[in-house]
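Here, each number is a calculation from the coordinates, and none is a lab measurement. Small disclaimer: the values here were computed from a predicted structure and weren't measured. Cβ atoms come from the backbone with ideal geometry, glycine included; neighbour counts cover every protein chain shown.
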Amino acid sequence: MEIVRCTNGVGVWEVVSDNGSSQVFDLRSDAENFLKNNDHDCWENAQPYEFEEHGRRYHGWECGICGKLLQTG
Ligand SMILES: [Zn+2]
């Protein structure tokens, strides 16, 4: 995926996927965030997490990039 500056005069940013689809953003920072959250495989960046609350232990896997919860234990 890559960010391209739209040249239609409106001044928007377009994130183009490898599969040809695209998404348009007004702000470059929004486009960058979208890219960051989508241009990776969450499972390939899975990080184990573990914490204790109310005497119960929670653990599982979450994405180290976007923080998406992948699996609870
Ligand atoms: Zn992710």
Query raised in the report: Angle between the Cα long axis of helix 28-38 and the longest principal axis of the chain, 0 to 90 degrees, nearest 10?
Result: 50 degrees
Requested in this report: Enumerate cysteines in the chain without a disulfide-compatible partner, where compatibility requires another Cys Cβ under 4.7 angstrom.
Outcome: 6, 66
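At 0.36 nm per residue, and after removing the present C-alpha to C-alpha distance, how many nm does the segment from residue 2 to residue 59 gain when stretched out fully? Write down the numbers at each step before the final one.
Working: separation 57, 0.36 × 57 = 20.52 nm, distance 3.45 nm.
Contour length minus the Cα-Cα distance gives 17.1 nm.
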Report summary line: In nanometres, the difference between 0.36 nm per residue of separation and the alpha-carbon distance of residue 28 and residue 10 is 5.2 nm
Query raised in the report: Between residue 18 and residue 39, what length comes free when the chain is fully extended (0.36 nm per residue of separation minus the Cα-Cα distance, one decimal in nm)?
Result: 6.6 nm
